[in-house]
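A short worksheet on the structure shown next.
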Amino acid sequence: MTRVAAPKLLLVLALALAAVYLFPLYWMYATSLKGASEIFANPPTFWPREPDFSIFPATWERRTMDTFLWNSLVIATGVTTLTVLLGTGCAYVLARYRNPWIDIGLFAILMLQVLPASVMITPLYVGFNQIGLLDYPRTAVIIAAAGKSIPFYIVLVRATFMSVPSELEEAALVDGNSRWGAFFFIVLPLARNGILVLAILTFMQAFGEYIYSKSIITTQSLQPASVGLSGFLGPNSTDWNGIMAYAAMYVTPIILVFVILQRRIVSGLTSGALK
Amino acid sequence: MRRILSSITDGKGFDLIMVGVTMLFLFALAGVPLVYNVVMSFQQVDMFNLNTFSRPFAGFENYVAIVSQPEFWLVIRNTAIFVFGSIAGQFIFGFALAIFFMLSFPFASTIRGLFLVSWVMPGLVVGALWGWILAGDFGVLNAILRGLGIIDGTMFWKSDPNLSIWAVTIANIWLGLAFNMMLLSVGLAGIPRDLYEAAELDGANGWQRFTTITLPMMRSTIGAVLALGLIYTLQQFDLFPAITEGGPANSSNVAQYWAWQWSFQLFDFAKGATVSMMMLIFVLVASIVYVRSTRHEVRG
């Protein structure tokens, strides 16, 4: 740890590390632009010889990506809405008080956060089947996935609320606001940024949700993009440029949002995640 | 009535509604299914009684049947390799990178933030990327390793039973590394700088500073990161259907994927519930460690 080492040298090293780490992403884009024979070249070409962009519209058409992505959008929007509606108020109350009941609530939420989706899917599927919810498969997935993302959201949004000074809220109450008024007009606007970042994070996660959709949605026209991708992916896949083109179209929006909001996402995540 | 109303607008009723509705939802979506899962693991469940609650009681039959499956120990072994391999890889590389990015140079935090892009990508896409990178004959990893002179022949990462679990583990290390690094960076940033300066004045070298300051000061962070690593690794599912589908011959099958296969490929929901229950025991142990190491901050 020589702190005087040339910062420029360290910067170069850091960029090299990032390049190695992000190589899989580069490889996705590079492969998608290669022709059907070039992907099997040995040794592989690191830069596509004749970049062919027609693969994107072709894959979009052939894999009915408009339907898949629309379903992903519906599911992600539903999950995010439900999570924000149910999680925000709860996180606020859990941030405002400190007593044994709150500790029990927090403990319960932390425990819920750790349940693997692969454990929950069996009883959820059987239970949903019994109450007839499987007839509305996308709704069923939204509810199940929201149950998974709410605990995570509460833990992080609670950290945001803890940083809102309670004096402001008390002043609003003295001025004659109801609790609801103080919450909606004073506290929420102050915590807006943190809530927004976590809502986006919830959205991105729900956009890639796989296991619940795969298990619950059997009608192809209702499946999200993750299930659509799994349809032509497996140990024996060969259509790699098509798969990479599909993957690229699927994740590029997520990557763009992430790069634009990177700073905020990272700080929103680290403020409460671990500690 | 009036008192209830005014409590809802101005008093405790407000808090109770805010917490109560959410807790009820979570109870219905997590608490009830969890109990139901325990019940099912002691029942005979088939396609005919899937819709009723009165199913024949099976005692420990499901558990006995699962343990006597020929692949049971293989799955346990694979789960252990996947969990410990992933945690070790993510933690060691994550810690090294976190320390590196604590050095002061321009754009350090921006470049570090870029790493986290792996964490927001859909698991299935990450699986697809690594499935292609790790492909036997045409995969780029083999080409790179050959180019560096590390291997001579071809490593069939996905189809060699000795390697297949490692293929998924490598992908999972890549996926979780950035998150580990981020959490460890938070811990490192919390160590007062003057401790290092004082140690340096006393003549401690880099390694001594690491073992006598960094590690002890990071103890609770490291505990939480490792516990979270265990929790997230046991939650990892998407990579398996994307890369190996548990094969060949279950050589890369792990508990979480096996449980899903029982329920959704063999439609034996009772066995699926049973494997889930066994796995849950490990998750609970990890979560107790995690909750203990976060407790004082959460109250904070």
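Numbers at a glance
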| item | result |
| --- | --- |
| Count of segment B:1-44 residues which are under 24 Å from A:A140 (Cβ atoms) and in a helix (DSSP H, G or I) | 22 |
| Residue within segment B:40-54 that is closer than 21 Å to B:F237 by Cβ, within 13 Å of chain A (Cβ to nearest Cβ) and surrounded by 15 or more Cβ atoms within 10 Å (Cβ to Cβ) present | yes |
| Complete set of residues in segment B:117-164 that are touching a Phe, Trp or Tyr at 6+ places or on another chain (Cβ under 6 Å) and away from chain A (no Cβ under 12 Å) | B:L163 |
| Criterion (crowded, with 16+ Cβ neighbours inside 10 Å and out of contact with any strand residue (DSSP E or B) (no Cβ under 6 Å at 6 or more places or on another chain)) met by exactly one of A:V74, A:V12 | A:V74 |
| Residue in segment A:185-194 that is hydrophobic (A, V, I, L, M, F, W, C) and facing chain B (nearest Cβ under 10 Å) present | no |
| Residue satisfying all of: in segment B:153-175; crowded, with 18+ Cβ neighbours inside 10 Å and hydroxyl-bearing (S, T, Y); modelled with the highest pLDDT among these | B:T169 |
| Criterion (farther than 24 Å from A:L73 by Cβ and either more than 12 Å from chain B (Cβ to nearest Cβ) or within 16 Å of the chain's Cα centre (by Cα) (or both)) met by exactly one of A:T139, A:T160 | A:T160 |
| For B:I92: the one exception among (1) in a loop (DSSP other than H, G, I, E, B); (2) β-branched (V, I, T); (3) under 23 Å from the mean Cα position of the chain (by Cα) | (1) |
| Among residues of segment B:224-242, those that are surrounded by fewer than 22 Cβ atoms within 10 Å (Cβ to Cβ) and in contact with a Phe, Trp or Tyr (Cβ under 7 Å, 6 or more places away or on another chain), counted | 2 |
| B:F95, sole failed condition from (1) closer than 27 Å to B:G187 by Cα; (2) among the hydrophobic types (A, V, I, L, M, F, W, C); (3) surrounded by 18 or more Cβ atoms within 10 Å (Cβ to Cβ); (4) without any contact (Cβ under 8 Å) to a residue 12 or more places away in the chain | (4) |
| Among (1) facing chain A (nearest Cβ under 9 Å); (2) modelled with pLDDT of 85 or more - the single one B:P216 does not satisfy | (1) |
| Flag if B:T110 is farther than 30 Å from A:C90 by Cα, β-branched (V, I, T) and not in a helix (DSSP H, G or I) | no |
| Selection status of A:N177, outside any helix (DSSP H, G or I) and in contact with a Phe, Trp or Tyr (Cβ under 9 Å, 6 or more places away or on another chain) | yes |
| Residue in segment B:259-273 that is outside any helix (DSSP H, G or I) and closer than 30 Å to A:M162 by Cα present | no |
| Residue within segment B:175-183 that is more than 24 Å from B:T79 (Cα to Cα) and either touching a Cys at 6+ places or on another chain (Cβ under 9 Å) or not in a loop (DSSP other than H, G, I, E, B) (or both) present | yes |
| Set B:W73, B:W130: member being part of a helix (DSSP H, G or I), of a type in the set (A, V, I, L, M, F, W, C) and surrounded by 21 or more Cβ atoms within 10 Å (Cβ to Cβ) | B:W130 |
| Lone unmet requirement of (1) part of a helix (DSSP H, G or I); (2) over 20 Å from the mean Cα position of the chain (by Cα); (3) closer than 26 Å to A:L188 by Cα for A:Q130 | (3) |
| Residue under evaluation A:G105, criteria (1) of a type in the set (G, A, S); (2) within 24 Å of the chain's Cα centre (by Cα); (3) under 29 Å from B:A227 (Cβ atoms), criterion not met | (2) |
| Extreme residue, farthest from B:I165 (Cα to Cα), among residues of segment B:233-257 that are assigned to a helix (DSSP H, G or I) and within 9 Å of another protein chain (Cβ to nearest Cβ) | B:Q235 |
| Among (1) basic (K, R); (2) in a loop (DSSP other than H, G, I, E, B); (3) under 30 Å from A:L86 (Cα atoms), the one test that B:R55 misses | (3) |
| Residue under evaluation A:E167, criteria (1) outside any helix (DSSP H, G or I); (2) under 25 Å from A:G105 (Cβ atoms), criterion not met | (1) |
| Options A:T59, A:T45, A:T31; residue that is out of contact with any Ser or Thr (no Cβ under 7 Å at 6 or more places or on another chain), more than 8 Å from chain B (Cβ to nearest Cβ), buried (at least 17 other Cβ atoms within 10 Å of the Cβ) and of a type in the set (V, I, T) | A:T59 |
| Residue in segment B:133-152 that is nearest to the chain's Cα centre (by Cα), counting only those that are in contact (Cβ under 8 Å) with a residue 12 or more places away in the chain and buried (at least 22 other Cβ atoms within 10 Å of the Cβ) | B:L134 |
| Selected residue (only one of A:V93, A:V114 is at the interface with another protein chain (Cβ under 7 Å from one of its Cβ atoms), under 19 Å from B:S276 (Cα atoms), in contact with a helix residue (DSSP H, G or I) (Cβ under 7 Å, 6 or more places away or on another chain) and not small (G, A, S)) | A:V114 |
| Any hit, segment A:61-77, residues being assigned to a loop (DSSP other than H, G, I, E, B), without any contact (Cβ under 8 Å) to a residue 40 or more places away in the chain and of a type outside the set (D, E, K, R) | no |
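The values are calculated or read from the model by the stated rules, or taken from the named source; none is laboratory data. Keep in mind the model is a prediction, meaning the values are calculated, not measured. Note that each Cβ is placed from the backbone with ideal geometry, even for glycine, and that neighbours are counted across all protein chains shown.
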